[in-house]
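Single-structure report; data block below.
The values are calculated or read from the model by the stated rules, or taken from the named source; none is laboratory data. Predicted, not measured: the structure shown is a model, and the values here were computed from it. All Cβ positions, glycine included, derive from the backbone under ideal geometry; neighbour counts span all protein chains shown. Calculation scope for accessible area: heavy atoms of the full protein, side chains included, ligands and nucleic acids excluded. Shrake-Rupley method; radii C 1.70, N 1.55, O 1.52, S 1.80 Å.
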Amino acid sequence: MKSNEPQNVDRLARRGFTIVEAFFVMVILAILSAIAVPRYAGFVANQQLEGAARRLTADLSLAQRQARRSSASQTVTFDVAQSRYSLVGMKHPDHPSQPFEVRLQDEPYRARIVSASFGVDTQLVYDGFGTPDSGGQVVIAVGAYQKTIAVDTGTGRPR
């Protein structure tokens with residue numbers, strides 16, 4: 001019986017990984033992460049861009065509805081350098097003591113306004129009927145991804 005004990009002890013001691021096996025596992029994990037990380041970063045950037053585009057579209061629609069509801073003009077002003085826009089004269093829905101201003105470069109969007117063009121300026125004015133003074137577009141970007149939100153001249157709807 002005593003002659004079998006060293007063999008059992010050797011078997012129990014060999015159940016772990018060798019350095020070579022651990023090294024190959026690390027190499028495989030490094031290769032997989034080198035493939036996955038850029039794809040994940042692209043996915044996150046695309047989701048941030050989609051969120052910023054939805055927010056901007058919703059706010060332009062809100063400005064148009066506000067103009068119709070109040071039968072007064074509603075202005076949306078874009079500050080391209082600061083990547084922000086404001087609905088002039090409206091209060092922020094979450095902070096009623098503050099003006100309605102959205103900074104796209106902040107969380108959760110981390111987007112920038114590349115350009116905003118409505119006729120000759122960066123302001124979009126809806127009249128009391130919800131008709132824009134001019135059509136135009138806003139280009140926003142996150143990383144290498146860009147999206148254009150166009151405002152129809154006739155209907156004033158953003159798309």
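All of Leu124, Leu87, Leu104 fail the test of being in contact with a Leu (Cβ under 8 Å, 6 or more places away or on another chain), of a type outside the set (S, T, N, Q) and either closer than 27 Å to Pro38 by Cβ or open to solvent by 70 Å² or more (accessible area, probe 1.4 Å) (or both), apart from Leu104. Restricting attention to region 56-87, the residues that are touching a Ser or Thr at 6+ places or on another chain (Cβ under 8 Å) and either among the polar types (S, T, N, Q) or free of Cβ contacts under 8 Å to residues at least 24 places away in the same chain (or both) add up to 2. Taken together, Ala34, Ala111, Ala58, Ala13 contain a single residue that is loosely packed, with under 12 Cβ neighbours inside 10 Å and modelled with pLDDT of 95 or more, which is Ala58.
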